[in-house]
Amino acid sequence: MRDGKKKNIMSEAVIRLILGVMRLFAKLPLKFHYFCGDIISWLLKDVIHYRRDVVVTNIARSFPEKDYSEIRPVVDGFYRHLGEVIAEAVWFSGSDYRRIHDSQICRYTNFEVLKEAYESSPSVTVLFSHCGNWELLGGAWCYNYDPQTSYPGDENCVKVIYRDLTSHIWNEVFKRNRCYPIKIKFEGELETRQVLRYAIRNRDKKFIYIYPTDQFPYAVSHDVGPFMHQKTKVMLGSAGLAHKLGMSVLYMKMKNISRGHYEMTFIPICRDASQMAPEAIMRRYFDLLEEEIRESPSNWLWSHKRWKH
């Protein structure tokens, strides 16, 4: 009992130390963080060789029409992008609502699509991927710059679904980091195992559930067919819940326009998911994701082991 309590206290101390250091550095300008991001990119690619075999294999199998001279720029671009993701996450860790809003690091291109879906449905399911910078989703409430359009609901209507990391310490660091900008009222994160019970318990309330849905499935999975030229399995939890409760389903595209600027676009998949099979919803999701990846190949997280088997 004492050992467990002591371990928890030590873990909490380490978490707070990491977050404290991140937030200290976060006060520096974003340009400084991008300078550090370039160094991190170089270290990951050329010194540590972070998952280089996984990255090259994933890209080569996804683009069988490309030879090595065409694959190499995609690999280099991915590591550069990964460095930027890390740099932006650190900057984000100490940024409040106003700083994030003023930076305009993310911008919605068609916010009215989300608002219409929210107003006409019991709730909204937004299927997202590891394109762009997923660590910035905690600031979703901050990214509407149109003075004529207010975010539907309040800040607590946005629920970003996450999947626990293996490391408890790093899981808590990233979880708290994503919630920091509107930490006073924002309770916007749900772990994947909590979503079903939460949504059914609160089915009389409207929420926007944002799911990253391109990870390797760790529970009962279904064959969704080919994705990037490879057989792909997927969990149907997000689509199944939307189907059960008749939610609208949107795909959110996150395009990296330039360093420090992302565009987020909502693409409707269905207005009433009860009229569309969960398998069909996920098939449409992967078709849209493949289009996005082919449009900007370096913008996806190639280092994760999406096709383990």
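The values are calculated or read from the model by the stated rules, or taken from the named source; none is laboratory data. Remember, predicted model here, so these are calculated numbers, not experimental data. We place every Cβ from the backbone using ideal geometry, glycine too, and count neighbours over all the protein chains shown.
Points to keep in mind about this one:
- Test for V47: is it surrounded by 14 or more Cβ atoms within 10 Å (Cβ to Cβ) and modelled with pLDDT of 95 or more: no
Here is a yes/no grid of residues against (1) assigned to a helix (DSSP H, G or I); (2) within 20 Å of the chain's Cα centre (by Cα):
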{"residue": "R16", "(1), (2)": "yes, no"}
{"residue": "D38", "(1), (2)": "yes, no"}
{"residue": "H49", "(1), (2)": "no, no"}
{"residue": "V75", "(1), (2)": "yes, no"}
{"residue": "E88", "(1), (2)": "yes, yes"}
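- Residue among D76, D67 that is exposed (fewer than 15 other Cβ atoms within 10 Å of the Cβ) and at pLDDT below 95: D67
- For the stretch 86-106, filtering for residues that are surrounded by fewer than 19 Cβ atoms within 10 Å (Cβ to Cβ) and among the aliphatic types (A, V, I, L, M) leaves 1.
- Under the condition of being surrounded by 14 or more Cβ atoms within 10 Å (Cβ to Cβ) and part of a helix (DSSP H, G or I), the residues counted in the stretch 51-64 number 9.
- Filter result for H101 (under 20 Å from the mean Cα position of the chain (by Cα) and closer than 14 Å to L30 by Cα): yes
Residues checked against (1) touching a residue at least 12 places away in the same chain (Cβ under 8 Å); (2) surrounded by 16 or more Cβ atoms within 10 Å (Cβ to Cβ); (3) over 30 Å from E65 (Cα atoms); (4) touching a Leu at 6+ places or on another chain (Cβ under 6 Å):
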site	(1), (2), (3), (4)
I208	yes, yes, yes, no
Y211	yes, yes, yes, yes
V224	yes, yes, no, no
K233	yes, yes, no, no
G237	yes, yes, yes, no
G240	yes, yes, yes, no
M247	yes, yes, yes, no
Y251	yes, yes, no, yes
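- The listed residues are M264, M276, M254, and the only one of them that is touching a Cys at 6+ places or on another chain (Cβ under 7 Å) and farther than 25 Å from S303 by Cβ turns out to be M276.
- Listed by first and then second residue, the pairs linking a residue in the stretch 265-288 that is touching a residue at least 12 places away in the same chain (Cβ under 8 Å) to a residue that is of a type in the set (S, T, Y) and surrounded by fewer than 15 Cβ atoms within 10 Å (Cβ to Cβ), with Cβ atoms under 8 Å apart and 6 or more places separating them unless they lie on different chains, are T265/T109; R271/S120.
- Tallying residues that are under 23 Å from the mean Cα position of the chain (by Cα) and closer than 15 Å to S95 by Cβ within the stretch 26-36 yields 5.
- Within the stretch 22-38, tally of residues that are exposed (fewer than 14 other Cβ atoms within 10 Å of the Cβ) and modelled with pLDDT under 80: 0
- The residues of the stretch 157-170 that are surrounded by fewer than 18 Cβ atoms within 10 Å (Cβ to Cβ) and modelled with pLDDT of 70 or more, listed by number, are R163, S167, H168, I169, W170.
- The residues of the stretch 81-95 that are farther than 19 Å from S129 by Cβ and at pLDDT 95 or above amount to a single one, G83.
- Check on E135, closer than 20 Å to H101 by Cβ and at pLDDT below 70: no
- Number of positions in the stretch 75-93 that are more than 25 Å from E172 (Cα to Cα) and not charged (D, E, K, R): 3
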